[in-house]
Amino acid sequence: MRPPLSGEGKAPTLGVAGHDSVPSAMRSLSMTAAGPVPTLPTEALTAGRRPPAPPASSAAVRRRMVGQRRRDTTPELAVRRALYSAGLRYRVEYAALPGMRRRVDVAFPRVRLALLVDGCWWHGCPDHGHDAKTNTEWWATKLRRNWDRDRDTDERLRSAGWRVIRAWEHEEPGAVADRVRSELKQLGWQ
């Protein structure tokens, strides 16, 4: 028999950081195969917060999503290795926009060049992006918000005087490093 997963057997959280429960006046119960699941009423969801994530479709999916890295992903590390071996030095997870939580994967602050390495699934790659098979409406909304936030980040960086390079995770790291080197050369990098 396998050991229980972290959080198994407990009521799922409702997307509120640091809170394991919600006052009973704010939740209703809906039944699933695993038993009752607390859900927020519609009016609570539209009060300026995004809706909580639906439960994972399986334990394997849950483990994969929980383990998803926000930084130092395999494609990002490969691009950074290629940049470093080309003799380029850079800042990692750089806060190019003060006062915002958004960060640049690789930055060259002196010449204001920002490199963001985007995952195909999370950022809607035209070649490899695809629709989710479960929770399709929630995922479509989430991925659309990611795409909109990417465009907003690009615009804010450009407005602040940065040049932006976006690379997909499927791109060859050496080719991305060449694009960065070419852009740096145009900006007068020594």
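The values are calculated or read from the model by the stated rules, or taken from the named source; none is laboratory data. Everything numeric in this text was worked out from a predicted model, so none of it was measured. Methodologically, a virtual Cβ is constructed for each residue, glycine included, from the backbone with ideal geometry; neighbour enumeration extends over all protein chains shown.
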From Ala86, Ala96, grab the single residue that is over 11 Å from the mean Cα position of the chain (by Cα), crowded, with 16+ Cβ neighbours inside 10 Å and within 29 Å of Gln186 (Cα to Cα).
-> Ala96
Hits in region 113-135 - residues which are charged (D, E, K, R) and either surrounded by fewer than 16 Cβ atoms within 10 Å (Cβ to Cβ) or at pLDDT below 85 (or both) | Asp127, Asp131, Lys133
Any chance Ala78 is touching a helix residue (DSSP H, G or I) at 6+ places or on another chain (Cβ under 8 Å), within 16 Å of Leu184 (Cβ to Cβ) and touching a residue at least 24 places away in the same chain (Cβ under 8 Å) | no
Filter region 136-146 for residues that are surrounded by 14 or more Cβ atoms within 10 Å (Cβ to Cβ) and hydrophobic (A, V, I, L, M, F, W, C); the one that is nearest to the chain's Cα centre (by Cα) is Leu143
